[in-house]
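The values are calculated or read from the model by the stated rules, or taken from the named source; none is laboratory data. A quick note: this is a predicted structure, and the numbers were derived from the prediction, not measured. Here Cβ is always computed from backbone atoms with ideal geometry, including for glycine, and neighbour counts include all displayed protein chains. All accessible areas refer to the heavy atoms of the entire protein, side chains included, with ligands and DNA or RNA removed. Shrake-Rupley method; radii C 1.70, N 1.55, O 1.52, S 1.80 Å.
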Amino acid sequence: MFLESYYSEQNGEFSFTREQASHFAKKVAGDFNPIHDEDNKRFCVPGDLLFSVVLSKVGLSQKMRFEFAGMINDGIAISVDQKSNDDLSMIDGSGKEYLHIIRDGETTLNQDLIEQVTKSYVQFSGMNFPHIMVPLMESKQIMINPTRPLVIYESMELDFERLDISSPTVELTGSDIDVDGKRGSVTLKFCFKENGEVVGTGRKRMVMSGLKPYCQNDIDDLVNRFNQRKDDFTALLAA
């Protein structure tokens, strides 16, 4: 599976190097959030990478809810703790939970379908900034701190009508932003389509902190830096 180069597995435990996690964020998700840079002091493994690995191991169910409970640094070994068939967690050796999964309905272990769902969702998810986030922030006249941008993945839900599908793609269906002082939350709604038919829906929720009054110049600078980081990484790969 395409994920094999982005994590290590030993005795049922999964771990991620900074390079593996950073390359997944940039190469697969198109996510250039500085928090996923190899040399960042606040480095953390992308939530979408954790979601992808979990899905490949426990399967895709018709209804799934993923609740992110903590940020994973490089070298932390985690494993699947299955409380029941429909209640699972990703925990470290001390029992600390990083991801809680609730699922219901039919489950498939079809790796081709899981890979298609994973890639489609992760590529959609990585487009949060600037394509979706900037217009939302402008609408409320608030913005993340441009010097220390921090957006945390809180939860994600999937709801498939059926699993006898092969190549679903993801489309945005709606987005909302709620602001409470210097904190805010963004909810993205999306659907899975196959051959023009909606076969599933989903929802992603992110939390923002350190919000400031909206400033177009600061936003433009933030977007320019994002695009420059993307160009630099592309050039590095080409070299």
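Annotations for the structure displayed:
- Surface accessible to a 1.4 Å probe, Asp180 within the full protein complex, Å²: 120 Å²
- Under-5 Å amide H pairs with Asp31, H placed in peptide plane, nonlocal only: Lys26
- Using the Cβ-Cβ distance between Leu109 and Asn195 with R0 set to 25 Å, the FRET efficiency from 1/(1 + (r/R0)^6) comes to roughly 0.60.
- Cβ-Cβ FRET estimate between Thr17 and Asp231, R0 fixed at 22 Å, reported to 0.05: 0.35
- For region 203-239 versus region 55-128, the gap between their alpha-carbon centres in whole angstrom: 26 Å
- Taking all Cα-Cα distances within the chain, those exceeding 31 Å account for 22%.
- Whole-number D in µm² s⁻¹ for region 183-239, Kirkwood Cα-pair radius fed into Stokes-Einstein, 20 °C, 1.002 mPa s: 143 µm²/s
- Here's the list of aspartates and glutamates a cross-link from Lys96 could span, going by alpha-carbon distance under 16 Å and ignoring same-chain residues fewer than 8 apart: Glu13, Glu67, Asp74, Asp81, Asp87.
- Computed from Cα positions, the angle between helix 47-58 and the longest principal axis of the chain comes to roughly 10 degrees.
- Once the 1.4 Å probe is applied to the protein heavy atoms, the chain comes out at 48 Å² accessible per residue.
- Net charge contributed by nearby residues that have their C-beta within less than 9 Å of Val186 (K/R +1, D/E -1): 0
- Stretchable slack from Ile132 to Gln216, in nm (0.36 nm times residue separation minus alpha-carbon distance): 28.7 nm
- Ranking of Cys44, Cys215 by solvent-accessible surface, largest first: Cys215, Cys44 (1.4 Å probe, protein heavy atoms only, all chains present).
- Solvent accessible area, Å² - Thr234, 1.4 Å probe, full protein context: 80 Å²
- Pairs beyond 32 Å (Cα-Cα), from Lys83/Lys182; Lys26/Lys193; Lys57/Lys193; Lys83/Lys189: Lys83/Lys182
- Structure note, pairs Lys119/Lys230; Lys41/Lys230; Lys41/Lys140; Lys41/Lys63: Cα-Cα distances above 28 angstrom occur for Lys41/Lys140; Lys41/Lys63.
- The modelled label-to-label distance for the pair Val207/Ser79, using points 7 Å beyond Cα in the direction of Cβ, is 2.9 nm.
- Intensity falloff of region 1-132 expressed as log10 I(q)/I(0), Debye formula with alpha-carbon point scatterers, at q = 0.14 Å⁻¹: -0.61
- Distance in nm between pseudo-label sites at Ala238 and Ser139 (7 Å out along the Cβ direction from Cα): 3.6 nm
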